[in-house]
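What follows is one structure encoded as structure tokens, with my remarks underneath.
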Amino acid sequence: MDKTGVKNKEWQVIELGEIAKIETGSKNTQDKVDDGKYPFYVRSQEIEHIDTYSYDCEAIITAGDGVGVGKVYHYIKGKFDCHQRAYVITDFKNVTGKFLYYYLLNFFYRRVKRMSAKNSVDSVRMEMLSKMKINLPPLPEQQKIAEILSTQDKLIELQEKKIEQLKELKKAYLQKMFPQKGSKYPELRFKGFTDPWEQRKVGDHCDMFNGDRSSKYPNAQDMVTDGIPFINAGDLEDGHVNLVTCNKITREKYEDLGGAKLQLGDIVYCLRGTLGKNAYIDNFNEGTVASSLVALRPKDIDGRYLFHVLNSDIEYRQRVVHDEGAAQPNLSAKSVSEFIMLVPDIEEQKQISEFLDGLDNLITLHQRKSEQEKQKKKALMQLLLTGIARTK
């Protein structure tokens with residue numbers, strides 16, 4: 001752009017239908033094959049597989065309906081097949097396929113939302129794509145933009161791969177550092193510890209507090225912008241409470257409630273819906289929980305050790321046994337207190353929790369780096385695809 005904000009004359013405004021062929025796939029969901037030879041693109045970010053292919057080319061795929069409308073995009077060169085309710089964009093003319101992929105990724109959802117009268121969009125009409133105006137720089141600049149953004153994608157992919165590797169490493173350590181199959185001795189142990197572990201119930205080492213379930217239970221009118229955290233299951237993220245997203249209540253409402261009054265070192269655990277989802281309270285010292293959660297207050301046990309137990313296969317096996325739900329998974333605080341676990345002496349607990357905390361910290365570090373790279377990509381797309389920043 002020049003200083004007045006007018007797009008450089010080298011950029012052309014053209015409709016998508018003039019520079020690419022747009023059609024829907026022909027396959028159904030039931031056509032997928034788990035170990036199929038070719039990629040099978042449906043209406044989600046997850047890529048299925050299939051033993052046939054209808055395309056062998058460079059293409060962009062986007063969801064035609066469902067929750068992925070305007071949000072799901074795939075880029076491919078090669079053989080693949082596609083669901084009948086997903087759009088396949090091919091035969092690019094005067095446009096680089098990868099540039100167009102990033103352009104749609106950045107701008108198409110805005111167009112979909114703008115053309116819909118509803119809060120949620122159910123489907124994409126062919127015209128939404130074919131009549132979409134694309135601002136095209138010259139081909140060499142398109143290629144440079146695509147190269148920059150592809151490099152950024154690779155950096156994000158490396159971070160995501162590192163996160164998965166660390167999670168798999170932690171999972172392996174959890175299996176080796178806790179006794180398995182009726183044994184009282186773990187396969188992997190810190191030096192100096194030889195005593196057998198003792199079988200205990202979670203309730204032996206915890207006080208437990210439900211959320212208030214009386215007529216005083218907070219409703220929408222009780223929520224305030226700045227107040228004391230009122231935590232729901234959706235606020236539990238990667239073992240922590242997201243204080244940005246969680247609801248808040250006034251101090252008066254908080255003090256009027258019975259039930260859980262959270263403090264540092266407590267663990268909140270989900271009893272309904274996403275069973276077992278949990279968080280360790282280490283970033284605030286006052287709050288309460290919704291009726292779908294229970295608060296565990298460790299006693300005579302290292303709290304972080306208990307937290308790691310509740311994020312291991314030990315917890316999963318106990319949860320399956322104690323699930324009281326029918327249509328919806330459900331536990332009670334009493335059933336959680338009956339969970340069986342093996343416990344070493346306090347010093348061994350601390351060493352185990354410190355080691356696993358170190359792995360958690362590494363995972364968190366790489367998650368932050370990944371988020372930073374994603375934000376950088378978002379900024380680069382906005383600058384490069386609007387022509388605010390020009391490549392040479």
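For the criterion of being part of a helix (DSSP H, G or I), at pLDDT 95 or above and in contact with a Cys (Cβ under 8 Å, 6 or more places away or on another chain), LEU306 passes.
If the condition is being β-branched (Val, Ile, Thr), in contact with a Ser or Thr (Cβ under 8 Å, 6 or more places away or on another chain) and either in contact (Cβ under 8 Å) with a residue 60 or more places away in the chain or open to solvent by 80 Å² or more (accessible area, probe 1.4 Å) (or both), then the stretch 199-234 contributes VAL202, ILE228, ILE231. Looking only at residues in the stretch 44-69 that are crowded, with 20+ Cβ neighbours inside 10 Å and assigned to a loop (DSSP other than H, G, I, E, B), the one that is modelled with the highest pLDDT is GLY64. Tallying residues that are farther than 16 Å from GLU147 by Cβ and open to solvent by 30 Å² or more (accessible area, probe 1.4 Å) within the stretch 88-111 yields 8. The residues on offer are ARG304, ARG272, ARG297, and the sole one that is of a type in the set (D, E, K, R), open to solvent by 30 Å² or more (accessible area, probe 1.4 Å), within 15 Å of ALA233 (Cα to Cα) and in contact with a strand residue (DSSP E or B) (Cβ under 8 Å, 6 or more places away or on another chain) is ARG272.
Return yes or no: is TYR316 open to solvent by 30 Å² or more (accessible area, probe 1.4 Å), touching a residue at least 40 places away in the same chain (Cβ under 8 Å) and not in a loop (DSSP other than H, G, I, E, B)? When the stated conditions are applied, TYR316 passes them.
Select from the stretch 25-43 the residues that are surrounded by fewer than 16 Cβ atoms within 10 Å (Cβ to Cβ) and under 20 Å from LYS71 (Cα atoms) and list them in ascending order. Within the stretch 25-43, just THR29 meets the criteria.
Restricting attention to the stretch 319-370, the residues that are open to solvent by 40 Å² or more (accessible area, probe 1.4 Å), touching a residue at least 60 places away in the same chain (Cβ under 8 Å), under 25 Å from LEU166 (Cα atoms) and hydrophobic (A, V, I, L, M, F, W, C) add up to 2. Restricting the search to the stretch 371-391, which residues are outside any helix (DSSP H, G or I) and open to solvent by 40 Å² or more (accessible area, probe 1.4 Å)? Within the stretch 371-391, ILE388, ARG390 meet the criteria. Pairing each residue of the stretch 243-260 that is closer than 17 Å to VAL294 by Cα with any residue that is among the small types (Gly, Ala, Ser), provided the two are 6+ apart or on different chains, yields C-beta distances under 6 Å for GLY259/GLY211; ALA260/GLY211; ALA260/ALA295. Look at the stretch 153-177: where a residue is open to solvent by less than 70 Å² (accessible area, probe 1.4 Å) and a partner is modelled with pLDDT under 95 and small (Gly, Ala, Ser), sitting 6+ places away or on another chain with Cβ atoms under 8 Å, you get LEU174/SER312.
In the stretch 112-122, the count of residues that are assigned to a helix (DSSP H, G or I) and open to solvent by less than 50 Å² (accessible area, probe 1.4 Å) is one or more.
The values are calculated or read from the model by the stated rules, or taken from the named source; none is laboratory data. Values in this document were obtained by computation on a predicted structure and should not be read as measured data. Because the Cβ atoms are built from the backbone with ideal geometry, glycine has one as well, and the counts that use them run over all protein chains shown. Note: accessible area is taken over every heavy atom of the protein model, side chains too, but ligands, DNA and RNA are not part of it. Shrake-Rupley method; radii C 1.70, N 1.55, O 1.52, S 1.80 Å.
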